[in-house]
Amino acid sequence: MASATVRIDAKTHKLLHEIKKISGEPMQTILSKALEHYKKVEFWDEVNSAYENLKTDKKSWREELSERKLWAKTLKDGQ
């Protein structure tokens, strides 16, 4: 695995070290997991924001709900 040097402040380093003591995982693993989690949170925040915007357009929201009903019917195929 390739690596790179990233500067972090002392507070972040201390936090990584504390988590390392608790989890027993290397700091690189902890940081990687944290960034993956951050990426997921940002993605779902964006999805939620998009749905909130969609709901403000009544016509578009009705179309969305209608499409959901169509897709829901495909789940009742007996399989």
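Comparison of SER32, SER23 shows that the only residue that is touching a Ser or Thr at 6+ places or on another chain (Cβ under 9 Å) and of a type outside the set (A, V, I, L, M) is SER23.
Is it the case that some residue within segment 37-53 is in contact with a Ser or Thr (Cβ under 6 Å, 6 or more places away or on another chain) and modelled with pLDDT of 95 or more? Looking through segment 37-53, none of the residues is in contact with a Ser or Thr (Cβ under 6 Å, 6 or more places away or on another chain) and modelled with pLDDT of 95 or more.
Looking at segment 13-68, which of the residues that are hydrophobic (A, V, I, L, M, F, W, C) and closer than 25 Å to ALA2 by Cα is surrounded by the fewest Cβ atoms within 10 Å (Cβ to Cβ)? By that ranking, first place goes to LEU35.
The values are calculated or read from the model by the stated rules, or taken from the named source; none is laboratory data. Remember, predicted model here, so these are calculated numbers, not experimental data. Note that we place each Cβ from the backbone using ideal geometry, even for glycine, and neighbour counts take in every protein chain shown.
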